[in-house]
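Readers should treat all values here as calculations from the given coordinates under stated rules, not as data from a laboratory. Quantities reported herein were computed from a predicted structural model and do not represent experimental measurements. Because the Cβ atoms are built from the backbone with ideal geometry, glycine has one as well, and the counts that use them run over all protein chains shown.
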Amino acid sequence: MNEAILKERTKRLLEVNETIKKLDPTIRPAAFALLQDYVLADAAATKESKTPVTSDNGGDDDREGFFSKFTHDKPADNALLIGAYHYSQFGSSPFTTTEIESLATEVGVTIPERTDMTFAAAQREGKNLFLRAGRGAFRPTVHGEAFFKKTYQVSKGKNQKSQNSE
């Protein structure tokens, strides 16, 4: 963390502290949780605009930040968004439709009921974005990877999936 970000966050933290001091002690923890985004706002926005999403730790904060940057009207586009998030974490390793559905539930994104058909039919510029990688599993094609990089500004993840998530 550079010094400018530290100073900005400290300034915002002190502002939040003054506000929270005025509140009832029983609601202070919840109030801080609500204002936490404000404390991290400008520094995080500056950092995100300069660097693509990477697969450093895959924490909940990174996941929430990623999904909050994109809004889609179509459930099929949301499924592709989740595919892009998986790509940013695990690269081109296969994922199952069950993994996609559980992640969609966790982040509160609406996806189609038949995600297997969504991924099987997904194309851009006449090129398939995914290949089947077993029953109910898919992996991005080279064209799918390029689509993710261009559309969602993600880089190929290097994390390894744990054995129980496959």
Quick one: how many lysine pairs does the range 60-165 have with C-alpha atoms less than 18 Å apart and a gap of 8 or more or different chains? Give me the count, please. 5
For the residue pair K22 and R132, what label-to-label distance in nm results when each label sits 7 Å from Cα along the Cα-to-beta-carbon direction? 6.2
I'd like the Karplus ³J(HN,Hα) series for the range 88-101: coefficients 6.51, -1.76, 1.60, θ = phi - 60°, whole numbers in Hz, and an x wherever there's a Gly or Pro. 5, 9, 10, x, 8, 5, x, 10, 9, 5, 5, 4, 5, 5
Expressed in nm², what is the orientationally averaged projection area of the convex hull enclosing the Cα positions of the range 60-165? 6.3
